[in-house]
Amino acid sequence: MPDNLEAFVKKLQAEGVDAGKAAAEKLKREAEQEAEEIVSNAREEAKGIVQQAKADAERRHKHAQSELGMAARDAILKLRESLNQALNGLIMHRVQRDLEDRDYLRGIIRDVISTYAKKDADSERQVEIDVSEGFSDDWIQETIKDLTDYLQNPEENIHIRASLKRAGFDYRVENATVEVSPDSVTEMLMEMVTPRLQELISRSIEDASNGSSEGVGHGQ
């Protein structure tokens with residue numbers, strides 16, 4: 001092979017190797033750059049996923065707290081309602097029993113009349129009392145005598161009849177009527193008891209809530 005031809009071939013080979021090396025270096029740089037971009041994008045995407053997960057968890061936590069608060073309020077309302085109903089039933093039963101006791105009822109009639117209408121009785125106005133059916137004439141006469149002595153009012157001004165369909169009595173003087181029944185007495189007593197009961201319930205619920213919060217804190 002002539003020298004000039006051999007030199008030409010060697011030159012082409014050398015240039016091919018250099019070109020291949022340059023192409024390889026370029027591909028390497030491009031691959032590295034692309035890899036860096038992929039890693040950077042992956043990191044940003046991962047950050048977004050983590051932030052979204054945290055936001056979702058926070059929303060779920062707030063939603064759970066809201067539902068828990070609503071459930072607690074509902075439970076408190078049901079508790080108060082149940083306790084009020086139970087207390088109302090207990091008071092009603094006791095009042096009903098007491099108002100059916102003839103001796104106890106006579107004392108209540110005397111106390112009520114002396115409180116609300118003694119002034120009218122002293123002025124010799126007519127006093128009318130209606131008690132439950134079934135009260136005997138003897139009981140009625142004894143009660144009239146008791147009121148006459150207690151109020152210092154003529155016996156003919158005091159009238160008692162037994163016609164009510166419920167326990168207790170109605171007291172009428174002129175145009176005024178005082179009703180003493182299981183319902184009216186229970187309502188009055190519940191108005192006195194309920195505020196104290198609500199206070200006790202609220203205090204118990206607050207204590208229970210504090211204990212529950214401490215338990216949740218330890219659990220975390």
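General observations
- Any hit, segment 74-86, residues being within 23 Å of the chain's Cα centre (by Cα), in a helix (DSSP H, G or I), of a type in the set (A, V, I, L, M) and modelled with pLDDT of 80 or more: yes
- Condition check for GLU214: among the acidic types (Asp, Glu), over 17 Å from ASP101 (Cα atoms) and modelled with pLDDT under 85: yes
- Flag if ASP120 is modelled with pLDDT of 80 or more and either charged (D, E, K, R) or over 24 Å from ARG97 (Cα atoms) (or both): no
- Search result, residues across segment 147-156 that are surrounded by 16 or more Cβ atoms within 10 Å (Cβ to Cβ) and under 53 Å from the mean Cα position of the chain (by Cα): LEU147, THR148, LEU151
The values are calculated or read from the model by the stated rules, or taken from the named source; none is laboratory data. On a predicted model such as this, the values are computed, not experimentally measured, just so you know. Backbone-built Cβ (ideal geometry, glycine too); neighbour counts: all protein chains shown.
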